[in-house]
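The values are calculated or read from the model by the stated rules, or taken from the named source; none is laboratory data. This one's a predicted model, so the numbers in the text were calculated from it and none came from an experiment. Cβ sites come from the backbone with ideal geometry, for glycine too, and all protein chains shown count toward neighbours.
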Amino acid sequence: MDLLQELDIFWKNHPHRRIFSERCINFFRKNNWSVQIFQRDFFNDGHFTAGVLLFNPERTKVLLMQSKKTWTWQQFWGHADGKKNLREVALREFEEESWISVEKIILDSYIWSVDIHYVPEVVHPKHGFEPEHYHYDINFFGSVSEDTIFWSNDHDVKDITWFTFEELTSNIVQISSGMQTMVDEYFLSLKSW
């Protein structure tokens, strides 16, 4: 199944997020399905990114990483760097940021969250000047054992920790806006079961 089909399924299952799916689909089509839209340096409106939100097997806790840039807690995510398979991108980012083999993850088989974030212009220490653009974020849910030992030597990650849902919704933990969207999506899904 390709990304367009997956986005179509996503908005049918999440009609309240339809506008985000349609914007991703239109962005995809406007650029003729080009590999460029999966490149970090494609700034003609933006590019795709991918992430994964990990739960313990009982789905009572969420594993998050703290960004050194924003100090917010968020899912494991990153740029596609030319890869069209965003599941693989999400898993690669987890492996890079946690130093844990992706073989330890059980990934859900469908997109769980679609979001679009405005990124202001910035001079990135590694990539130089980046004009304002959008991140078309495609996120997946998965699970990993709480017994797994995590650490990071990644330049973007300050810490990796398990949180309960009570902690995430208590406003004690500062989470990113993208992370908030995924938490909301998760609670909506629970209500529909």
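Do you know which residues across the stretch 14-30 are surrounded by 14 or more Cβ atoms within 10 Å (Cβ to Cβ) and touching a residue at least 40 places away in the same chain (Cβ under 8 Å)?
The answer is 14, 17, 20, 21, 23, 24, 27.
Taking strands (runs of 3 or more DSSP E) that fall entirely within the stretch 87-149, which contain at least 1 residues that are in contact (Cβ under 8 Å) with a residue 60 or more places away in the chain, buried (at least 18 other Cβ atoms within 10 Å of the Cβ) and among the aromatic types (Phe, Trp, Tyr)?
Result: 106-119, 133-143.
Would you mind finding the one in 40, 23, 29, 59 that is over 17 Å from residue 111 (Cβ atoms), in a helix (DSSP H, G or I) and basic (Lys, Arg)?
Sole residue among the options that is over 17 Å from residue 111 (Cβ atoms), in a helix (DSSP H, G or I) and basic (Lys, Arg): 29.
If you check residue 38 against the conditions, is it under 17 Å from residue 117 (Cβ atoms), free of Cβ contacts under 8 Å to residues at least 40 places away in the same chain and touching a Gly at 6+ places or on another chain (Cβ under 7 Å)?
Working: under 17 Å from residue 117 (Cβ atoms): yes; free of Cβ contacts under 8 Å to residues at least 40 places away in the same chain: no; touching a Gly at 6+ places or on another chain (Cβ under 7 Å): yes.
It is false that residue 38 is under 17 Å from residue 117 (Cβ atoms), free of Cβ contacts under 8 Å to residues at least 40 places away in the same chain and touching a Gly at 6+ places or on another chain (Cβ under 7 Å).
Go through the stretch 143-183 and give me each residue that's at pLDDT 75 or above and of a type in the set (D, E, K, R).
146, 147, 156, 158, 159, 166, 167
Kindly indicate which of 11, 77 is within 22 Å of residue 183 (Cβ to Cβ) and assigned to a helix (DSSP H, G or I).
11
Against the definition (touching a Phe, Trp or Tyr at 6+ places or on another chain (Cβ under 9 Å) and of a type outside the set (Val, Ile, Thr)), how does residue 93 come out, yes or no?
Judged against the criteria, residue 93 is a match.
Does residue 66 qualify as being in a helix (DSSP H, G or I) and either of a type in the set (S, T, N, Q) or at positive phi (or both)?
Judged against the criteria, residue 66 is not a match.
Could you check how many residues of the stretch 89-134 are within 26 Å of residue 16 (Cβ to Cβ) and aromatic (Phe, Trp, Tyr)?
Counting residues in the stretch 89-134 that are within 26 Å of residue 16 (Cβ to Cβ) and aromatic (Phe, Trp, Tyr) gives 4.
What's the number of the only condition in (1) within 18 Å of the chain's Cα centre (by Cα); (2) closer than 17 Å to residue 115 by Cβ that residue 56 fails to meet?
All conditions are met except number (2).
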